[in-house]
Amino acid sequence: MWVSRILLPIQRTGMTVFEGQTSVANIKRSFEELADYLFRCQQFPHGAILLTGTGIIPPNDFSLQPGDAIRMEISGIGTLENTVIEV
């Protein structure tokens, strides 16, 4: 069985300040069970997005800073990258 790897590096001024990885196989409940729970008491006539989180958690003393580049890579799916800004 093919399993997606999730990689989350965070770069600050060109250096990696945090990196974690996990696998979709580590999700405790099936996607079917999560979707069933989501639709139990609500209807979504136009669909819904179910966010599961990544399971990658930086240490308690870590904080994002403006300019940090956060990159989420999921094998077989693609990459999402965002830069932190102060609002």
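Derivation of every value follows stated rules applied to the coordinates shown; laboratory data play no part. Keep in mind it's a predicted model, so treat the numbers as computed, not measured. Glycine gets a Cβ as well: all are built from the backbone with ideal geometry, and neighbour counts include every protein chain shown.
Just a few scattered comments:
- Ascending count of other beta-carbon atoms within 10 Å, so fewest first, for 4, 30: 30, 4
- Under 11 Å from the residue 50 label point (7 Å along Cα→beta-carbon), backbone N, the range 62-87: none
- Length-normalised contact order for the range 5-83 - Cα pairs under 8 Å, 6+ apart - percent: 41 percent
- Given (1) 3, 15, 28, 29, 18, 6, 1, 1, 0; (2) 3, 12, 18, 19, 16, 14, 12, 6, 1, 0; (3) 3, 10, 9, 10, 12, 9, 6, 5, 8, 12, 12, 4, 0, the label whose value is P(r) over Cα pairs in 5 Å bins from 0, in percent derived from this model: (2)
- CD proxy at 222 nm, helix term only [per DSSP H run n ≥ 4: -39500 (n - 2.57); per residue of the chain; nearest 500]: -2500 deg cm²/dmol
- All Cα pairs of the range 5-52, percent lying beyond 11 Å: 75 percent
- Using Cβ point charges alone (K and R +1, D and E -1), the dipole size of the range 5-83 about the Cα centre works out to roughly 80 debye.
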